[in-house]
Amino acid sequence: MKFNDELALFLKARYPIIYINTIEEDRVEYVIRKNIKANLNRSIYSWDFVDGYTNNPNNEGFAKRNPLQALELVERLNAETPALFLLKDFNRFLSDLSISRKLRNISKTLKLQPKTIIIIGSDLTIPKELQDLITVIQFQLPLEEEINQELNRLVNSLNIKIDPQLFENLTRACQGLSLERIRRVLSKIIATYKTIDDNSIAVLLSEKKQIISQTEILEYSSVNEQIANLGGLENLKDWLKKRKTAFSLQALNYGLPTPRGLLLIGIQGTGKSLTAKAIANDWQLPLLKLDVGKLFGGIVGESESRLRQMINVAETISPCILWIDEIDKAFSNTESKGDSGTSNRVLATFISWLSEKTRPVFVIATANNIDLLPLEIIRKGRFDEIFFLDLPRDEERQEIFKIHLQEFRPNNWESFDYTKLAQASEAFSGAEIRQSIIEAMYHAFYEKREFTTNDICRALNELIPLAHLESDQMISLQKWASSGRIRSASSKEIYLT
């Protein structure tokens, strides 16, 4: 149900106290006044702690710095006078005994009179004794239609024309920002570039970064990785290619559901983190990395609060990508943890959000050990797909060597023997292949010469791949993946080492 319809319904049903949770105080007041003027005949009284009641000459400045007196005006008005009382930041006073008691007393009167108290606040804090009296409405950030109106207003005022695709990209980049922030950023763009072009997208994403920096749980990751930099993984690349435009207006009009997310499983160094960064860059979406270590707090209830904060920020910034690295360490063995059930509650809230979220937040979770993951996360419906990133095959190792050597030696990368390098690097991950090249470069640099294929082969012989150190875990992963319960990220079938 839309905000206007929901509010009108509550007013007609004579709900005594309504709490609107929003950071956009001016916008919500404008919407309420517009709605009341069009549909209901009610006087509106607006109050804040500093100026008291405003916008009404008979009560100008009344109850200044006195929240209890602000409630007394509700009783003083004629019982038959339809009225709406907008109390800004009043949630800060609800824990006061006199305020709480006064609200409970006058709520009985409000149910019989055409009067309603609307509390506007950015923090949802309601004491237990008032929870049964107060009805909460979420005031959403500007949706696509409202953002389009604002962009059209600006474009027309500047008398400029922009490409329809750029207009759509701008609308998507503005989603998750308040209307005031959008106007402020657009003013900054015009002041800097004198027009609106592709540079505007980067400025809008930078503004979203400011929101993320206000929380210690999420980190805004700047990325420049390319999908082409992923060696092999053809099945995964094909899956991603088909969903690249899934957040577009055309996909929405087509009726296509927004992709939910991916779970990437494999041993360390096989490219899981690199894949998350490459997806964000390729899809041109902000990448938020969750620090699972900071998610769990020491105070009772703090972990659940931090998780809700993380979800709220991610949905505010959306469309975006939420990257949860090594999720197996965050929720491993939840049944055996002696934390009074905190881990289980956090897990339950998290998987419930994964299944029911409606905002375009694409979740990428990575894991190294499938045995540590709770079955609730692996179950279908949490993620769109689960991919297994195995150790690279022969031709994939050749491709990985080419990618890294083109980076280190763009002028003579073709001079290396890639067949020999692939044969010498069996059981090596992509990260270990890169490290072998760096080791070869150190050796040759020490001898004051250019490094060669033989130097890399020597480094490969000296390095011990992780697959040899954790062979049992790797074989267990490969057996689980070959059972058909997970898709291989590579184009060829999974083999057991």
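Key figures for this structure:
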quantity	calculated
Verdict on Asn411 being part of a loop (DSSP other than H, G, I, E, B) and outside the structural domain of Ile265 (by TED's automatic domain parsing)	yes
Flag for Asn148 being farther than 17 Å from Phe10 by Cβ, exposed (fewer than 13 other Cβ atoms within 10 Å of the Cβ), free of Cβ contacts under 8 Å to residues at least 40 places away in the same chain and not charged (D, E, K, R)	no
Lone unmet requirement of (1) crowded, with 17+ Cβ neighbours inside 10 Å; (2) out of contact with any Gly (no Cβ under 8 Å at 6 or more places or on another chain); (3) at pLDDT below 85; (4) under 28 Å from Trp413 (Cα atoms) for Lys492	(1)
Some residue of region 470-484 being modelled with pLDDT of 90 or more, outside the structural domain of Asp371 (by TED's automatic domain parsing) and assigned to a loop (DSSP other than H, G, I, E, B)	no
Selection count, region 128-148, where residues are assigned to a helix (DSSP H, G or I) and hydrophobic (A, V, I, L, M, F, W, C)	2
Some residue of region 89-100 being buried (at least 18 other Cβ atoms within 10 Å of the Cβ), of a type in the set (Asp, Glu) and in contact with a strand residue (DSSP E or B) (Cβ under 7 Å, 6 or more places away or on another chain)	no
Residue in region 39-47 that is among the β-branched types (Val, Ile, Thr) and over 40 Å from the mean Cα position of the chain (by Cα) present	no
Subset of region 246-277 [at pLDDT 85 or above, among the hydroxyl-bearing types (Ser, Thr, Tyr) and surrounded by fewer than 24 Cβ atoms within 10 Å (Cβ to Cβ)]	Tyr254, Thr258, Ser273
Failed item, numbered, when Leu71 is tested on (1) in contact with a Phe, Trp or Tyr (Cβ under 9 Å, 6 or more places away or on another chain); (2) under 22 Å from Phe139 (Cβ atoms); (3) assigned to a helix (DSSP H, G or I); (4) not acidic (Asp, Glu)	(2)
Test set (1) surrounded by 14 or more Cβ atoms within 10 Å (Cβ to Cβ); (2) in contact with a strand residue (DSSP E or B) (Cβ under 9 Å, 6 or more places away or on another chain); (3) of a type outside the set (D, E, K, R) - Ala8 fails condition number	(2)
Residues of region 199-221 satisfying the condition of being of a type outside the set (Val, Ile, Thr) and surrounded by 13 or more Cβ atoms within 10 Å (Cβ to Cβ)	Ser200, Leu204, Leu205, Ser206, Glu207, Lys208, Lys209, Leu218, Glu219, Tyr220, Ser221
In region 428-482, residue nearest to the chain's Cα centre (by Cα) [restricted to those that are aromatic (Phe, Trp, Tyr) and farther than 25 Å from Gly266 by Cα]	Tyr442
Selection count, region 34-68, where residues are in a helix (DSSP H, G or I) and either in contact (Cβ under 8 Å) with a residue 40 or more places away in the chain or surrounded by fewer than 16 Cβ atoms within 10 Å (Cβ to Cβ) (or both)	8
Of residues in region 83-134 being in contact with a helix residue (DSSP H, G or I) (Cβ under 8 Å, 6 or more places away or on another chain) and of a type in the set (Asp, Glu), the one modelled with the lowest pLDDT	Asp123
Residues (within 23 Å of Asn169 (Cβ to Cβ) and buried (at least 17 other Cβ atoms within 10 Å of the Cβ)) located in region 223-236	Val223, Glu225, Ile227
Condition broken by Thr125, with the remaining ones in (1) in a helix (DSSP H, G or I); (2) among the β-branched types (Val, Ile, Thr); (3) surrounded by fewer than 18 Cβ atoms within 10 Å (Cβ to Cβ) satisfied	(1)
Residues that are small (Gly, Ala, Ser) and in contact with a Phe, Trp or Tyr (Cβ under 8 Å, 6 or more places away or on another chain), drawn from region 397-432	Ala422, Ser425
Region 248-273 - residue that is part of a helix (DSSP H, G or I) and of a type outside the set (Ser, Thr, Tyr) and, of those, nearest to Ile370 (Cα to Cα)	Lys272
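Let's see how each residue does on (1) in a helix (DSSP H, G or I); (2) aliphatic (A, V, I, L, M); (3) more than 18 Å from the chain's Cα centre (by Cα); (4) modelled with pLDDT of 85 or more:
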residue: Phe167; (1), (2), (3), (4): yes, no, yes, yes
residue: Thr171; (1), (2), (3), (4): yes, no, no, yes
residue: Arg184; (1), (2), (3), (4): yes, no, yes, yes
residue: Ile189; (1), (2), (3), (4): yes, yes, yes, yes
residue: Ile196; (1), (2), (3), (4): no, yes, yes, yes
residue: Ser200; (1), (2), (3), (4): yes, no, yes, yes
residue: Lys209; (1), (2), (3), (4): yes, no, no, no
residue: Tyr220; (1), (2), (3), (4): no, no, no, no
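The values are calculated or read from the model by the stated rules, or taken from the named source; none is laboratory data. What you are looking at is a predicted structure, and each value in this text was computed from that prediction instead of being measured. Neighbour counts run over all protein chains shown; Cβ positions are idealised from the backbone, glycine included.
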